Amino acid sequence: MVEIKNLKYVDSVVKLQQVLRYWKAFTFDRNYLDLDDTVKAIGTPEQPVERKEDYPGRWVLSRIGEKASKPATFHTAGVVRFVSDMETGNYVPPGKTPPGNLAESRIQDTPSPL
């Protein structure tokens, strides 16, 4: 695992590579599958997932050996240019003050599942 505790900000390609290596290896649950490793393993004997028909016309990627069509959960890391507030997204209840970094054009006054 890459050490990033003392890294205050990313200001070089090398630091960005360190941070991405760390987060690509990090998972919240040991049962999650690494997306990169899974994609590389598709079509090989080590392939950890298979497609299962949930119902006609709907397919699910499940771990090999799962009896039901329970979806597999994946983890990965990437760089994004824009992200909504991690606590609230772009939802601001009517009459409340939006966070200062939320553009007025992005404010929604009804919650969204996305």
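The values are calculated or read from the model by the stated rules, or taken from the named source; none is laboratory data. From a predicted model like this one, the values you see are computed outputs, not experimental measurements. Please note: Cβ atoms are built from the backbone with ideal geometry, for glycine as well, and neighbour counts cover all protein chains shown.
Give the residues of the stretch 5-25 that are in a helix (DSSP H, G or I) and either of a type in the set (Phe, Trp, Tyr) or in contact with a Phe, Trp or Tyr (Cβ under 9 Å, 6 or more places away or on another chain) (or both), sorted by residue number.
Correct list: LYS15, TYR22, TRP23.
Residues ILE64, ILE4, ILE42: which one is at pLDDT below 85 and more than 30 Å from THR110 (Cβ to Cβ)?
Residue meeting the stated conditions: ILE4.
Report every pair of residues separated by at least 6 positions or lying on different chains whose Cβ atoms are under 7 Å apart, first residue within the stretch 40-52 and surrounded by 12 or more Cβ atoms within 10 Å (Cβ to Cβ), second in a loop (DSSP other than H, G, I, E, B) and of a type in the set (Ser, Thr, Tyr).
Between residues of the stretch 40-52 that are surrounded by 12 or more Cβ atoms within 10 Å (Cβ to Cβ) and residues that are in a loop (DSSP other than H, G, I, E, B) and of a type in the set (Ser, Thr, Tyr), the close pairs are LYS52/SER69.
For residues that are assigned to a loop (DSSP other than H, G, I, E, B) and in contact with a Phe, Trp or Tyr (Cβ under 6 Å, 6 or more places away or on another chain), scanning just the stretch 67-85, find the one that is modelled with the lowest pLDDT.
ALA77
Among the residues of the stretch 55-62, is there at least one that is loosely packed, with under 10 Cβ neighbours inside 10 Å and not in a strand (DSSP E or B)?
The answer is yes; a qualifying residue exists.
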